[in-house]
């Protein structure tokens, strides 16, 4: 295998490690799937990390749902506020990557799943899109 055929993908905390590994090991990974990243972890350290690392050739798939902070919140105003704040941080990742030179659809696909949550069902729903983005040309050749 080579980096063009090797990727890493995860959701939540796995999304953070996937993004970190893509930049930390550029000779290994040619693409990274970042689903619903837990940007809050370690005081949002991933944002500082991304600001500091150089551009790496490869593709990044980044997604999140607009209801990531779902659950049993008695106050829907708090839920909406927390979801907006979370999604704002995901958009910040997108802006940082764009500033580095990643371009929409060419090597950065950002998917906003309206109403999508932070759970396995939401990730399973979005997974085929990510797979097609990474392996689309390969899948067509195999048919």
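Derivation of every value follows stated rules applied to the coordinates shown; laboratory data play no part. Computed from a predicted structure; not experimentally measured. Neighbour counts run over all protein chains shown; Cβ positions are idealised from the backbone, glycine included.
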All conditions in (1) over 17 Å from residue 87 (Cα atoms); (2) crowded, with 18+ Cβ neighbours inside 10 Å; (3) touching a residue at least 40 places away in the same chain (Cβ under 8 Å) are true of residue 37 except (1)
Given the conditions (1) closer than 21 Å to residue 135 by Cα; (2) in contact (Cβ under 8 Å) with a residue 12 or more places away in the chain, and given that residue 1 satisfies all but one, which numbered condition is not satisfied?
(2)
